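Q: Have a look at the structure that comes next, please.
Please treat every number below as a calculation from the coordinates, not as lab data. Treat the numbers as computed from the prediction; the structure is a model and nothing was measured. Using ideal geometry, Cβ is built from the backbone for each residue, glycine included, and neighbour counts are taken over all protein chains shown.
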Amino acid sequence: MPNTLLTPNRPVGIVGYGSYVPRYRIAAREIARVWAGSKGGLPVKEKAVPGLDEDVITMSIEAARNAMLRAQIEPAQLRAVWVGSESHPYAVKPTSTVVAEAIGAVPHIQAGDWEFACKAGTEAMVAAMGFVGSGMADYALAIGMDTAQGKPGDALEYTAAAGGAAFIIGPAENALATLNASYSYVTDTPDFWRREYQKYPEHGVRFTGEPAYFQHITSSSKTLMAELGTTAKDYQWAVFHQPNTKFPQRAAQMLGFTPEQIAPGLLVPVIGNTYSGASIIGLTAILDIAKPGDRILLASFGSGAGSDAFDITVTDKITLRAGLARKTQEYIARRTEIDYATYARYRDKITMK
Amino acid sequence: MEIPRHWRLKQQRYGLVGEVCPHCDYKIFPPRDVCPNCGDEAKTLYTFSGKGEVFSFTTIYEAPTGFDHAAPYTVAIVKLDEGPMVTAQLTDLGDQPIEIGMPVEMVTRKMRNDGDERGVIVYGYKFRPAVVAA
Ligand SMILES: [Zn+2]
């Protein structure tokens, strides 16, 4: 097999990162109260719900501002603003141009919206690695953000949440964490989809686990580690796409990672599945507490299906920069619980005309 | 349709971009190109920190067209740390009571649709209770 790792010509890394989680939470037991009585286990404790005036554009702007605070660069130094999401507010009109305008990065930029179910954000990160790693650009902003919706009463309604993260990719010498290599594993797998004009997605129920999530996320991680000659023991931390609590726990176990290694990045029990944001907001929570020299494995998953795995090493610049913007756990601690009726209003589930 | 107006005001609305007087350093918002303090020309762009405090507030129950989906909501006069007063909607209040002097911070949020749900989405500044570090 040829070398399938993606490694840039010029070493690159994360120069700044930022996250965002909206204020409102709905408990999974409150959703169960409305639709299922009290039967059965719940996939998460609660999930984050955006306010009436929030969408992927406003949430991306806040995460991007946090990333800029940590990167300590001028907005004009950015040469790309890329936003990955499956809930872009417009069918036609880029999210990325509004975000770029709001942070002052226009007009000398590439801008575009990325789509690949839950891995649109890491796809943008890989592109940014290439864009910076080739020397064409010094800095690129890659965002993964979602305001995911589940059909009322459907299994996905318990977890479909809002949140995400932004990363400024730049030269390794200015990075708080280097992106050493990435590897992506992609096949055509119909585990989850949403047709145009449909408000809620469909899924292949039992098809979502083994052939989709586990096959892709363990293949990407195993290949990355095999080609780098690493094992789970070489990493301080690992973070996986987290559609519920059990999937990432089991993927970690299959790959040889301990519960301690995934603990700081496992946010799904308290914020839900933030789709394009899910694995990377976990990465921000890890970076918030990481020490120089810590090695991190990140693996996203997007239905359809694919997984991007990254090998990351934290540098000594983390010490100064982690504290320059709001930490992910601070957003999680900012919490107001709402009932199903308020949630239905906030998520536009009540038809007014 | 007010698309040209939304487009013209986007910098000021998205990022709280005003002006600073090059003669007396007075900070100006909204931008008006003339310093209200010394009367000289002031066209230097200045991005406000977004930090301020509630100076006065009122809750709107009967909202004007375009804002009705968000009612009831609270509008405040916010005194920015740099000096100017700005009128804006408060957001992310949760169940938190509002008080005069409460520290707030700027966020960029959806204001309304231009026209109906087929129109362009208008984004702009609002203020929320300052998130206290854990
Ligand atoms: Zn003046």
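Q: Cα-Cα pairs above 22 Å in region A:97-195: how many percent? Please list the in-between numbers first.
A: Numbers: 2056 of 4851 pairs.
Tail fraction, whole percent: 42.
Q: Need one value for A:52-59: mean number of C-beta atoms belonging to other chains within 10 Å of its residues' C-beta atoms. Could you put the intermediate results ahead of the total?
A: Values: counts 6, 15, 5, 4, 0, 6, 9, 3.
The mean count of partner-chain Cβ atoms within 10 Å per residue comes to 6.
Q: Obtain the nm distance between the two label points defined at residue B:25 and residue A:197 by a simple spin-label model: each point lies 7 Å from its Cα along the Cα-to-C-beta direction.
A: Each label point lies 7 Å from its Cα, and together they span 6.1 nm.
Q: Then there's this: Under 15 Å from the Cβ of residue A:231, count the other residues' Cβ atoms, weight Lys and Arg +1, Asp and Glu -1, and hand me the total. Can you show the working numbers first?
A: Details: positive: A:222, A:233, A:295; negative: A:227, A:234, A:311.
In short, 0.
Q: With each label point set 7 Å from Cα along the Cα-Cβ vector, what nm distance links residue A:319 and residue A:214?
A: 4.3 nm
Q: A further question on this structure: Based on the Cα coordinates of the protein assembly as shown, what is the per residue volume of their convex hull in Å³? All intermediate terms of the calculation are to be shown ahead of the outcome.
A: Numbers: hull volume 73.9 nm³, N = 487.
Looking at the protein assembly as shown, the number lands at 152 Å³ per residue.
Q: Pop the C-beta distance of residue A:337 and residue B:33 into the FRET formula with R0 = 30 Å and round what comes out to the nearest 0.05. Mind dumping the intermediate values first?
A: Values: r = 47 Å, r/R0 = 1.57.
After rounding to 0.05, the efficiency reads 0.05.
Q: Once you've got the GNM for chain B with C-alpha springs shorter than 10 Å, pick whichever of B:82, B:62, B:19 has the biggest mean-square fluctuation.
A: Answer for the Gaussian network model of chain B: B:62.
Q: While we're on this one: Largest first and to the nearest Å, give the Cα extent of region A:1-133 along each principal axis.
A: 55, 45, 31
Q: Only sites in a loop by DSSP and with at most 12 other Cβ atoms within 10 Å count here; which GluC sites (Glu not before Pro) in region A:118-215 make the cut?
A: Values: sites: A:123, A:157, A:173, A:196, A:202; in loops: A:196.
Counting only loop positions with at most 12 other Cβ atoms within 10 Å, the GluC sites (Glu not before Pro) in region A:118-215 are A:196.
Q: Continuing with the same structure: Once phi is turned into θ = phi - 60°, what whole-Hz ³J(HN,Hα) does the Karplus curve with 6.51, -1.76 and 1.60 give for every residue of region A:104-113, x standing for Gly and Pro?
A: x, 8, 6, x, 8, 9, 7, 9, x, 9
Q: Rounded, prolate or oblate: which fits region A:146-229 when a ≥ b ≥ c are the square roots of the eigenvalues of the alpha-carbon gyration tensor, with rounded for a/c under 1.5 and prolate only if a/b beats b/c?
A: On the way: a/c = 2.88, a/b = 1.55, b/c = 1.86.
Judged from the Cα gyration tensor, region A:146-229 comes out oblate (a/c at least 1.5, b/c at or above a/b).
Q: Could I ask something else about it? At 0.36 nm per residue, and after removing the present C-alpha to C-alpha distance, how many nm does the segment from residue A:187 to residue A:108 gain when stretched out fully?
A: Taking residue A:187 through residue A:108 to full extension adds about 24.9 nm, to one decimal.
Q: Between region A:196-248 and region B:71-134, what's the alpha-carbon centroid distance in Å?
A: Comparing the Cα centres of region A:196-248 and region B:71-134, I get a distance of 38 Å.
Q: May I pose another question? Once you list every other residue whose beta carbon is under 10 Å from the beta carbon of residue A:46, what net charge do they have if Lys and Arg are +1 and Asp and Glu are -1?
A: That works out to +3.
Q: A further question follows. For the protein assembly as shown, what does -39500 (n - 2.57) per DSSP helix run (n ≥ 4), summed and divided by total residues, give at 222 nm, in deg cm²/dmol to the nearest 500? If you can, show how the numbers build up before the last one.
A: On the way: 14 runs with 119 residues, N = 487.
Taken over the protein assembly as shown, the calculation gives -6500 deg cm²/dmol.
Q: In a GNM of chain A with a 10 Å cut-off on Cα contacts, which of A:80, A:341, A:102 has the highest mean-square fluctuation?
A: A:341
Q: Taking amide hydrogens as modeled 1.01 Å from N in the peptide plane, which residues meet the under 5 Å criterion relative to residue A:48, leaving out close sequence neighbours?
A: Those lying under 5 Å, H to H, from residue A:48 are A:162, A:272.
Q: Could you tell me what a quarter of the Cα convex hull surface of region B:3-129 works out to, in nm² with one decimal place?
A: Working: hull surface 32.8 nm².
Directional mean of the projected Cα hull area for region B:3-129 stands at 8.2 nm².
Q: Taking a spot 7 Å from the Cα of residue A:3 along the direction of its beta carbon, which residues of region A:166-187 have an amide N less than 16 Å from it?
A: A:180-184
Q: While we're here: Remind me, what semi-axes does region A:178-319 give for its equivalent ellipsoid, largest first in whole Å, using sqrt of 5 times each Cα gyration tensor eigenvalue? Show your work: numbers first, answer last.
A: Details: eigenvalues 135, 54, 35 Å².
Taking √(5λ) for each eigenvalue gives 26, 16, 13 Å, largest first.
Q: Please compute the net charge surrounding residue A:6, taking Lys and Arg as +1 and Asp and Glu as -1 over other residues with Cβ under 11 Å from its Cβ. Don't skip to the end; give the middle numbers.
A: On the way: positive: none; negative: A:227, A:308, A:311.
Residues near residue A:6 contribute -3 overall.
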